[in-house]
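One structure is given here, and the rest of the page talks about it.
The values are calculated or read from the model by the stated rules, or taken from the named source; none is laboratory data. Quantities reported herein were computed from a predicted structural model and do not represent experimental measurements. Every residue, glycine as well, gets a Cβ built from its backbone with ideal geometry; the counts of neighbours run over all protein chains shown. With ligands, DNA and RNA removed, areas are computed over all heavy atoms of the protein, side chains included. Shrake-Rupley method; radii C 1.70, N 1.55, O 1.52, S 1.80 Å.
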Amino acid sequence: MAKLIVNGKEIDVPPEYTLLQACETAGAEIPRFCFHERLSIPGNCRMCLVELVGSPKPVASCAWAVRDCRPGPKGEPPEVRTRSPMVRKAREGVMEFLLINHPLDCPICDQGGECDLQDQSMAYGIDGSRFRENKRAVEDKYLGALVKTSMNRCIQCTRCVRFSAEIAGVPELGATGRGEDMEITSYLQEAMTSELQGNVVDLCPVGALTSKPYAFAARPWELNKTESVDVMDALGSAIRIDTRGREVMRILPRTNDDINEEWISDKTRHVVDGLRTQRLDQPYVRDNGRLRPVSWNEAFKVIAQKLARANPKRVGAIVGDLAAVEEVFALKDLMTRLGVGNLDCRQDGSALDPKWGRASYLFNATIAGIEAADALLIVGSNPRREAAVLNARIRKRWRTSNFPIGLIGPKVDLTYTYDYLGAGPETLADIARHSFADAMRQAERPLLLVGAAAFARPDGAAIAALAAKAAVDLGAVKEGWNGYSVLHSAASRVGALDLGFVPGEGGLNARQMAASGTLDVVFLLGVDELEIAPGAFSIYIGSNGDRGAMRADAILPGAAYPEKSAIYVNTEGRVQMATRASFPPGEAREDWAILRALSDVLGKRLPYDSLAALRQALFKAYPHFQRLGQIAPGDPADVHKLAQHRPGTTERAPFRSSVEDFYFTNAIARCSAVMAECSAIAAGRVAMTAAE
């Protein structure tokens, strides 16, 4: 530790700290524009100037390390002042320079009320300027469907450039020119293609980069802010949902170093308009091939009549990718009371089974544990598409130091270099003899990441056994470290597997239930990714009119994820609570409440009349769900047992990713016009450059 005196207060800090970090440790506030804790240090805005006693001029505290400070003439610790006349004059001068060319259009700027330049000019600026020259004019740049530019406001802090190159790994932004002619732009003004590009809007300290879909929609002081979790993938990123009245206006990230740090994917951020489009707001029943609106009572009576004539062995229930724990628990409870054993939460046909043990389907190394790993083997996954924020975490670890990465599966751009080992199961079976295996064995904490699609093949059980065997043979499962990690892409999957929502003895799985002639009645809880063959009477409970609703014979309108208080379990097994930010439209209701009301009509009344009572029953049956924010770890012995299974032979078909189109992975996203435009740009169906 090094001693330092900050504003007369002596502190001990690590010598690798910068003066900015040391000053903030001492409780001093240091303004900044270019500096960001998760980006490299450019030292180009000079707003963080402080006085280092003995230095002839102020120093940039973000770029000056504590170890570079000289002691005083008598050996006393270096002294830093953050409120001296020298510092005040320097900051006023810097702010005066920054505002020379700023257009001062705060009344029409979307950053108004959340602008670092506004706040710091009030706190550290002066009320006048000595400059009378004409302001520069900079042409706005086209960056795609998500980021709106107003480059007259740009102060060249380069946060957006550094984020694109360092965090996202897609260096699409750069600077041209020098001095006041410097401009931030993309190459030939093409659309940005990173799945994390929306984060540059949060990073921009002025209004140069703002959200294009949110432009001129609301002011921050009009909005109610609710902390929640994301369900667009299985990471459970921490988000903040901003609403005005009953309408969700925007979604922003919250800091959670264990999961998403402070980033979210573009799908998470911009799926908002999908929450307003094609919403199911009243029950429907299909008559003579056409859906007609009905009352809740009539819809329940039709369902009751169908169930009364059906044998429980020919009734089934399937859970979709966005379902919360409470509604899955209620659906399982209702099906159990009806004597139904055909249950499945794996609409993709995954072979993962709770009877293998919880460690067989968790991301056991944890998301934050990626930074502790020292070798990585990716099997049957494209983490850039399946979990963009997790991919950024892998890239962060890759940039830090030597981190060998191997890939078995589709050869794609993951934003970091890797050794391509092969495309299919035969490579996984022979991995112990591959040269990359030596890097895994030599690593202290090797990590084996297996994508969800690897288990969704006809030979999924054999692949699971092969992956577990590879993890054991390569030393990824050892005392104090379990590197066998499954990357799910469905937010509901781990919670439903924890509840045991899989076929009972002699029950049918999702693929079998979807086949023609196997069922008479099937409940679909937000199931939109599975094609149900004609014949069975399908009851769809969901929020948006997508594939499931189009096929359904009865539609019961449910609540979308911002419209309910619900528990989700992410891919690493972390239990999280999503908070209600708005209310469902029209006659739509929360999914568990629909099932509770239906149970009355069916004569199989569920014993809870409130969400609190339901959770009490849930926690009694499954205690780990009440430990919010915590992970109930799996037993590494489960991986060893799975490695010893011999479920059959594997196919020669190559692995593929579970996500074909990043922007269209669920019903809400497919109802979003913004996601449709992003998908078209990514697929090359529209021009990536601005229209002339």
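Output the residues belonging to the range 295-321 that are in contact with a Phe, Trp or Tyr (Cβ under 9 Å, 6 or more places away or on another chain) and either closer than 24 Å to L275 by Cα or open to solvent by less than 10 Å² (accessible area, probe 1.4 Å) (or both). Across the range 295-321, the qualifying residues are A299, I303, V315, G316, A317, I318, V319. Of L628, L595, all but one fail to be of a type outside the set (F, W, Y) and in a loop (DSSP other than H, G, I, E, B); the exception is L628.
If only one of A22, A26, A65 is more than 22 Å from E261 (Cβ to Cβ) and in contact with a Phe, Trp or Tyr (Cβ under 9 Å, 6 or more places away or on another chain), which one is it?
The conditions single out A65.
G409 fulfils the conditions (1) surrounded by 23 or more Cβ atoms within 10 Å (Cβ to Cβ); (2) under 19 Å from the mean Cα position of the chain (by Cα) except for a single criterion, (2).
Those helices (runs of 4 or more DSSP H) of the range 452-515 in which 1 or more residues are closer than 24 Å to K313 by Cα and not basic (K, R) occupy 493-498, 510-514. All conditions but one from (1) part of a loop (DSSP other than H, G, I, E, B); (2) under 25 Å from R178 (Cα atoms) apply to V161; the one that does not is (1).
Pairs linking a residue in the range 186-215 that is on the phi < 0 side of the Ramachandran plot to a residue that is in a helix (DSSP H, G or I) and among the hydroxyl-bearing types (S, T, Y), with Cβ atoms under 8 Å and 6 or more positions apart or on different chains, are M192/S164; S194/S164; Q197/S164; V200/S164.
Taking the listed residues F523, F455, the one that is in contact with a helix residue (DSSP H, G or I) (Cβ under 8 Å, 6 or more places away or on another chain) and under 22 Å from T336 (Cβ atoms) is F523, with no other qualifying.
Pick from the range 596-638 the residues that are free of Cβ contacts under 8 Å to residues at least 40 places away in the same chain and basic (K, R): which of them is surrounded by the most Cβ atoms within 10 Å (Cβ to Cβ)? The qualifying residue surrounded by the most Cβ atoms within 10 Å (Cβ to Cβ) is R605.
In the range 527-552, of all residues being in contact (Cβ under 8 Å) with a residue 60 or more places away in the chain and surrounded by fewer than 20 Cβ atoms within 10 Å (Cβ to Cβ), the one that is farthest from D230 (Cα to Cα) corresponds to R547. Please verify whether the range 322-330 includes one or more residues that are in a helix (DSSP H, G or I), open to solvent by less than 30 Å² (accessible area, probe 1.4 Å), touching a Pro at 6+ places or on another chain (Cβ under 8 Å) and not basic (K, R). Taking every residue of the range 322-330 in turn, none turns out to be in a helix (DSSP H, G or I), open to solvent by less than 30 Å² (accessible area, probe 1.4 Å), touching a Pro at 6+ places or on another chain (Cβ under 8 Å) and not basic (K, R). In the set E262, E247, only one residue is within 22 Å of the chain's Cα centre (by Cα), open to solvent by 10 Å² or more (accessible area, probe 1.4 Å) and within 21 Å of V389 (Cα to Cα); that residue is E262.
Just one of (1) touching a strand residue (DSSP E or B) at 6+ places or on another chain (Cβ under 7 Å); (2) over 22 Å from D105 (Cβ atoms); (3) at pLDDT 95 or above fails for E195. It is (1).
On the given criteria, is V575 among the β-branched types (V, I, T) and open to solvent by less than 50 Å² (accessible area, probe 1.4 Å)? Yes; evaluated as a whole, the condition is true for this residue. Among residues of the range 463-481 that are under 15 Å from G648 (Cα atoms) and open to solvent by 10 Å² or more (accessible area, probe 1.4 Å), those with a beta-carbon under 9 Å from a residue that is modelled with pLDDT under 95 and among the β-branched types (V, I, T) at least six positions away or on a different chain give the pairs L466/I431; L466/T650. Give me a count of the residues in the range 105-158 that are within 20 Å of E183 (Cα to Cα), among the aliphatic types (A, V, I, L, M), surrounded by fewer than 20 Cβ atoms within 10 Å (Cβ to Cβ) and in contact (Cβ under 8 Å) with a residue 24 or more places away in the chain. Within the range 105-158, residues that are within 20 Å of E183 (Cα to Cα), among the aliphatic types (A, V, I, L, M), surrounded by fewer than 20 Cβ atoms within 10 Å (Cβ to Cβ) and in contact (Cβ under 8 Å) with a residue 24 or more places away in the chain number 1. Checked against (1) touching a Phe, Trp or Tyr at 6+ places or on another chain (Cβ under 7 Å); (2) farther than 23 Å from D257 by Cβ, L39 meets all criteria but (2). Summed over the range 370-388, the residues that are over 12 Å from the mean Cα position of the chain (by Cα) and open to solvent by less than 10 Å² (accessible area, probe 1.4 Å) give a count of 9. Can you tell me which residue among V231, V206 is more than 24 Å from L39 (Cβ to Cβ) and touching a Leu at 6+ places or on another chain (Cβ under 8 Å)? Answer to the selection: V231.
Taken over the range 526-555, the criterion of being in contact with a Cys (Cβ under 8 Å, 6 or more places away or on another chain) and either closer than 22 Å to A310 by Cβ or of a type outside the set (G, A, S) (or both) is satisfied by N544, D546. Among the residues of the range 639-692, count how many are of a type in the set (V, I, T), open to solvent by 40 Å² or more (accessible area, probe 1.4 Å) and closer than 28 Å to D459 by Cα. Selection size over the range 639-692: 2. Within the range 290-318, the set of residues being of a type in the set (G, A, S) and not in a helix (DSSP H, G or I) comprises S295, A310, G316, A317.
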